[in-house]
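Structure first, then comments.
The values are calculated or read from the model by the stated rules, or taken from the named source; none is laboratory data. Computed from a prediction, not measured in an experiment: that's the story for all the values here. Here the Cβ is made from the backbone with ideal geometry for all residues, glycine too, and neighbour counts use every protein chain on show.
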Amino acid sequence: MSGKLPCRLGVLVSGSGTNLQAIIDRIESGEICAEIACVISNKADAYALTRATRHGIPIVIHENHKFSERQSYDAATVEILRSHNVDLVILAGFMRILTDVMVNAFPNAIMNIHPALLPSFQGLHAQQQALDYGVRYSGCTVHFVDCGTDTGPIILQSVVPVEQNDTEATLSARIQKAEHQTFATAIKLFVDSKIKVDGRKVLISA
Ligand code: GAR
């Protein structure tokens, strides 16, 4: 066993938190050497908060409607993350675009999961966008966050087939299964110091 301290994760959520749960499960099984320092939600009723509490993880309800400017909301988020000594920020279904205040505070240390194969179908309703376009394959992308919308360097992607009779719900469910595995793998790579960013490219060592 090495004497390395577990990487401290700050997880930002807005909803159900199935990705959060997948991360918790892999930490608890010992697969990922990390600790979730806090779960921050911009929605007071997010089910992800219940999941975190069940596992004894500190939660912070940090509602964006209480802030008049996006940058001041993000500055307060940075303070919360710093006060929990977070090394890596995870956006696990956090439905807000980050400003430069957050992005610059954690350079190449904010990861997002997006339910499509970027750069296709950025933004909201990515699964419906994929269905409307008629693609045969979609999937999920884990990427570092920059100041654009779903434009940061890509860490991992997983491909999922689109079936002829898919609805947004059925395709989303299939993609989510892939998300849980792909996100956990990307976090493990970061935690194990196997990721290097070179411009737009993410290099992964064996
Ligand atoms: C996930 O499918 C994730 O890809 C998506 O929100 C869902 C959250 O699910 N994120 C985005 O669309 C971000 N643009 P969860 O709360 O069950 O993890």
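Check segment 140-150 and report whether any residue there is surrounded by fewer than 14 Cβ atoms within 10 Å (Cβ to Cβ) and in a strand (DSSP E or B). For segment 140-150, residues surrounded by fewer than 14 Cβ atoms within 10 Å (Cβ to Cβ) and in a strand (DSSP E or B): absent. In the set 48, 44, 52, only one residue is within 16 Å of the ligand (Cβ to nearest atom), touching a strand residue (DSSP E or B) at 6+ places or on another chain (Cβ under 8 Å), at pLDDT 95 or above and in a loop (DSSP other than H, G, I, E, B); that residue is 44. Does segment 115-135 contain any residue that is acidic (Asp, Glu) and touching a Cys at 6+ places or on another chain (Cβ under 7 Å)? So far as segment 115-135 goes, no, none of its residues is acidic (Asp, Glu) and touching a Cys at 6+ places or on another chain (Cβ under 7 Å).
Can you find even one residue in segment 54-72 that is over 28 Å from residue 173 (Cβ atoms) and crowded, with 21+ Cβ neighbours inside 10 Å? No, because not a single residue in segment 54-72 is over 28 Å from residue 173 (Cβ atoms) and crowded, with 21+ Cβ neighbours inside 10 Å.
For every residue, the table says whether it meets (1) away from the ligand (no atom under 12 Å from the Cβ); (2) closer than 23 Å to residue 39 by Cα; (3) in contact with a helix residue (DSSP H, G or I) (Cβ under 8 Å, 6 or more places away or on another chain).
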position: 87; (1), (2), (3): yes, yes, no
position: 90; (1), (2), (3): no, yes, yes
position: 95; (1), (2), (3): no, yes, no
position: 114; (1), (2), (3): no, yes, yes
position: 118; (1), (2), (3): no, no, no
position: 155; (1), (2), (3): yes, yes, yes
position: 160; (1), (2), (3): no, no, yes
position: 163; (1), (2), (3): yes, no, yes
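Can you confirm whether residue 108 is on the phi > 0 side of the Ramachandran plot, more than 12 Å from the ligand (Cβ to nearest atom) and either assigned to a loop (DSSP other than H, G, I, E, B) or exposed (fewer than 15 other Cβ atoms within 10 Å of the Cβ) (or both)? Judged against the criteria, residue 108 is a match. Determine if segment 25-38 includes at least one residue that is within 26 Å of residue 152 (Cα to Cα) and either in a helix (DSSP H, G or I) or without any contact (Cβ under 8 Å) to a residue 24 or more places away in the chain (or both). Looking through segment 25-38, at least one residue is within 26 Å of residue 152 (Cα to Cα) and either in a helix (DSSP H, G or I) or without any contact (Cβ under 8 Å) to a residue 24 or more places away in the chain (or both).
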